[in-house]
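The values are calculated or read from the model by the stated rules, or taken from the named source; none is laboratory data. Just so it is clear, the model here is predicted, and its values are computed rather than measured. Note that we place each Cβ from the backbone using ideal geometry, even for glycine, and neighbour counts take in every protein chain shown.
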Amino acid sequence: MIAEPAPAQPHVLTICLRFLRRAKPYAGRILLTLFVVLIATGSKTIQAFLVKPVIDRKPEVTAPKDPDVFRPAYSLKDVLRQVLKPQDWDLYTIATLAVVLSILMFVFGTMRDTMTNWLTKRMVVDLRNDVAEHLAYLPLKFHYDRKSGDLVSRITNDVTVCEMAANFLFDDAIVHPLMIAWALAGVFYTNWKMSLAACAFFPFYVFVLARMARKMRKARKKSLEHLGDMTGTMIQTFGGIKVVKAFNTEAQQVQEFKDHNESYFKRMMTTLTRKALAENLNSLFMGLAIAVVLVGGYRLLDRGELKAGDLAFFGLAIAMITSSVREMAKSWNRLLEASTGAERVFQLLDQQREPQHDAGEDLPKASSVEFRDVTFAYNSAPVLAGLNLSVKPGEVVAVVGASGAGKTTLCDLLCRFYDPQKGEVLVSGVDLKRVRRSSLLGHISVVTQETFLFNTTVGENVRYGRRAATQADVEAAARAAHIHDFIAGLEKGYDTIVGERGAKLSGGQRQRIAIARAILRNPSILVLDEATSSLDAESERAVQEALEHLLRSEHRITFVIAHRLSTIKNADRILVLDQGRLVEEGKHEELLGRGGVYANLYRTQFTQ
């Protein structure tokens, strides 16, 4: 695991603010949602307030000798005039208001749910898209240093957990505070002294809840880390299932998964226990508030300072506050869980992208390659040191040397996967540090030893390097790669699914499809990175025939990184690297005659 640039435990509110900043494009929708929620929650509170005039007028309403109580208001003007005088409301006015408020609650409640759900889902989709895009443009070193399971867990599990943060910010954090505000306004309007007494316990509740928050976040973060390890174990087991079965290690792999799963369970239970404690703590403090209402309300009623309708509304409002506070507590706990996932996601987004991919000028053509005094090191020891090299179009240059000599690094620098610490790599006389890497790679094709095929059709795998190619172009490339006849013989031909990583094909077949992909791209620079070293003799012969179509072109520069020296005898030049330095250069026979490093490598291979 590499060190993260972000702080280990940023405050949850800092994470929330960062999440909210991502919602800037939807500011108009958020304001409209606030207005809708204001109407919906206000309607609910006012509806509860209707109990006050009903109870306060109960004696008159039930008196048989007072028919005027049931007299309807014959005009809307009369109703509107009475709205501002609750003490004068008759049953018709109360019933009318109840119906109107119910309609408002239905209409605006539906709008509220739809709009908050839209914001929540939109933010999660945007976040997942941004993480996927950001990961694709992170340097190779980042991907080499990270477990693939951890990355998969972050883009799936952690982003999904972030949905709880979005729910809090765009639903609970809007709805419940407004509901509490409306209810508080009502109770303070009714009796401010009793309201202050009932709310006196709230600051203590918030303090205790905040104290528990840090421990909950820490436990939740650990559980997500164990979930990432568990996902990584699954990926390794299924990705290398043939190796697992060949070495009869199913039990060990399953046990490793169980260990991570058990650790995840323990951490998760720690989180859930603290979550349950925090959520039910609400009952204790709200019970104290209700006790104050009961005792205080009784005494105020006894002294005539409070009407029965006021006390009834006070009880309903406190119940609304209690319910909203309880939901806020649950939402806060969910937010604490979500903040750990959001923190891990933001740690990914804080990783520096490759500036060379998009920055720089376009490379119109690739007519020459030159290395000038190039030095490069991954850590401290140089992998390449003082390398000088010049290659012209039409040349086939082989690069050989012992393992770790710097062969693959040379080609990685040419593709600008890395930049040299010293010296220059030039294509067509232009320093690659000035060139957009995406433009450079438009002129390059790479065929590697470990051919990667996507779990799609044969045709789509060939077309991968040139998506706009026609079917005729695809078939022509396959013929040149000596693989067309095999593909045509498949049940679905070019529409045959190759399986994950091309599992349904042999090594030679996968390699020839990769070569067809390179032929279709028709690159100016071709890199063959030990493209035949893992094949049997028959497959290697078929692949070599396919390669001949690629190698011999007066307009193309070809680099062949070779472990089997027998495959590079016909190269125009052979470069011999030893501990990062170019120690020999020449043709096959010439180098054998010198009796140097190349001759020793060749002799070692053919005397074993």
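Among residues that are of a type outside the set (Asp, Glu), in a helix (DSSP H, G or I), modelled with pLDDT of 85 or more and crowded, with 17+ Cβ neighbours inside 10 Å, residue 478 is included.
Every test in (1) at pLDDT below 55; (2) in contact with a Pro (Cβ under 6 Å, 6 or more places away or on another chain); (3) of a type in the set (Phe, Trp, Tyr) is passed by residue 74 save one, and that test is (2). Scanning region 407-415 finds one or more residues that are under 15 Å from residue 376 (Cβ atoms), not in a helix (DSSP H, G or I) and not assigned by TED's automatic domain parsing to the domain that holds residue 139.
Residues in region 127-149 include none that are closer than 30 Å to residue 293 by Cβ and among the aromatic types (Phe, Trp, Tyr).
For residues in region 540-583 being modelled with pLDDT under 75 and not in a helix (DSSP H, G or I), which is surrounded by the most Cβ atoms within 10 Å (Cβ to Cβ)? So the residue we want is 563. If I filter region 45-52 for residues that are surrounded by fewer than 17 Cβ atoms within 10 Å (Cβ to Cβ) and either modelled with pLDDT of 75 or more or over 27 Å from residue 305 (Cβ atoms) (or both), do I get at least one hit? Within region 45-52, not a single residue is surrounded by fewer than 17 Cβ atoms within 10 Å (Cβ to Cβ) and either modelled with pLDDT of 75 or more or over 27 Å from residue 305 (Cβ atoms) (or both). Looking only at region 1-44, filter to residues that are in a loop (DSSP other than H, G, I, E, B) and at pLDDT 80 or above; which one of those is surrounded by the fewest Cβ atoms within 10 Å (Cβ to Cβ)? For region 1-44, the residue satisfying everything is 22.
The conditions of being assigned by TED's automatic domain parsing to the domain that holds residue 601, surrounded by fewer than 19 Cβ atoms within 10 Å (Cβ to Cβ), over 31 Å from the mean Cα position of the chain (by Cα) and part of a loop (DSSP other than H, G, I, E, B) are met by residue 394. Restricting region 440-475 to residues that are among the hydrophobic types (A, V, I, L, M, F, W, C) and in a loop (DSSP other than H, G, I, E, B) leaves a set whose member that is surrounded by the fewest Cβ atoms within 10 Å (Cβ to Cβ) is 468.
Filter region 481-492 for residues that are surrounded by 14 or more Cβ atoms within 10 Å (Cβ to Cβ) and not β-branched (Val, Ile, Thr); which is nearest to residue 444 (Cα to Cα)? Only one residue fits best here, namely 481. Only residues that are within 19 Å of residue 521 (Cβ to Cβ) and among the β-branched types (Val, Ile, Thr) were counted in region 393-451, giving 8.
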